[in-house]
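For reference, the structure is listed below as structure tokens.
Rule-based calculations on the coordinates, nothing more; no lab input. From a predicted model like this one, the values you see are computed outputs, not experimental measurements. Cβ placement follows ideal geometry from the backbone for every residue including glycine, while neighbour counts extend to all protein chains displayed.
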Amino acid sequence: MMKEIKLLKNRSDIGAGTRGADLGIDAIEIAAINENHNYFNRYPHEDIETENESIYNKVKNSFAKRIGSVVNVCNRVSECVRKNIDSDSYPIVLSGDHSSALGTMSGVKASHADKKLGVIWVDAHADLHSPYTSPSGNVHGMPLAAGLSIDNKAHQINEVPEETASHWTNLKNIGVAGKKLEASELIYFGVRDTEAPEDACMKEHSIKNYTVDEIRFRGMDICLDEAVQKLSSCDVIYISFDVDSLDCDRISKGTGTPVPRGFDIDEVVEIINTFIRTGKTACFEVVEVNPTLDTQNRMASAAFEVLKAVTPVIEEVHLG
């Protein structure tokens, strides 16, 4: 059993293509304050040092923008997550953009180096690009490729300079050297906006994506039972929730890359809580709330609704 929940706040947005996700954590806290809710007073927290000032520097690595600073942030996130898990805390990681998820999964893996890690990725995007395939160079589209140690050079579109390649190697080796999980231990929920190199990678590695349409057609219970069975051999599970998995037309466009035809809040909650109830999760993460792209703080409010719904289940299962 864990002894407490710990909120790890990482206000980094240097991996995104738009600015403002660094304000997402504060926006979620404001949503809680507006409800007169004591969530953020209830749990201890730790702030992780960012390198957001690097946004003012000239981009050196156009195929992986600010990747040197992303490596530094991911190292800090990894160490913070590892340290807290090793101290019997359950980390709830609140991050700006999704690039730092490589740090989160690396920290989970570092704390469970001899265990098989499964990852639940609730997101509109596959995040399977590398510097060799990325059309934008935004590193928030690369954390899973780094975690799986996949370059995907078979579908290369960029000639990557040596400096960028070196940083990319460093990113892939954070926490523990090499890949943190096998592709068969990764399950997507809600991915619906991908590029051709990612599609090819998903097909090559047989990575399962439970789309919104599939879940609504087949039924949530059937899909979740199947997904839990797929990860039955995993010892530890890490859940990453990107708010762009939510339907941008019905909920909010307050995220860097909004995509229509996404999940409702209650669907996301059911997915997350199902895996928490397996008793195997070691970390839960929320990313990509951007209040500068929002109206009336709706996305932060939606993210807080999810936090309110899943945290009691974490307490019940992991804190006893």
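For the residue pairs K116/K208; K3/K253; K58/K153, the alpha carbons lie more than 25 Å apart in K3/K253; K58/K153. Once both labels are positioned 7 Å from their Cα atoms along Cα-to-Cβ, the gap between E53 and I30 label points is 2.5 nm.
Our Cα-only numbers for region 1-75 put the radius of gyration and Dmax at 15.4, 47 Å.
Legend: calculated FRET efficiency, D225 to K115, from the Cβ-Cβ distance at R0 = 22 Å, rounded to 0.05, equals 0.40. Exposure proxy for L102, L293: other Cβ atoms within 10 Å of each Cβ, ordered fewest to most, give L293, L102. In the chain, the DSSP-assigned H stretches of four residues or longer account for a calculated mean residue ellipticity at 222 nm of -11000 deg cm²/dmol, using -39500 (n - 2.57) per stretch and the full residue count as denominator. With both labels modelled 7 Å from their Cα along Cα-to-Cβ, the D266 to T292 distance reads 3.6 nm.
Going by neighbour counts of Cβ atoms within 10 Å, the residues C74, C283 line up, fewest first, as C283, C74.
Size descriptors for region 73-173 (Cα atoms only): Rg and Dmax, in that order, 14.0, 44 Å. Sequentially through region 245-258, phi angles give Karplus couplings (6.51, -1.76, 1.60; θ = phi - 60°) of 5, 6, 5, 6, 6, 9, 10, 5, 9, x, 8, x, 9, x Hz, Gly and Pro residues having no value and appearing as x. The label point for E162 and the one for S233, both projected 7 Å from the Cα toward the Cβ, are 4.1 nm apart.
Net charge dipole, region 162-242: roughly 180 debye, given to the nearest 20, about the Cα centre with Cβ charges of +1 for Lys and Arg and -1 for Asp and Glu. For region 253-292, the set of trypsin sites (Lys or Arg not before Pro) satisfying both a DSSP loop assignment and a count of at most 15 other C-beta atoms within 10 Å is given as R261, R277.
Packing, taken as the mean count of other beta carbons within 10 Å per residue, orders the peptides 117-123, 244-250, 263-269 from highest to lowest as 117-123, 244-250, 263-269. Counting 0.36 nm for each residue step from E214 to A196 and taking away their Cα separation leaves a gain of 4.4 nm.
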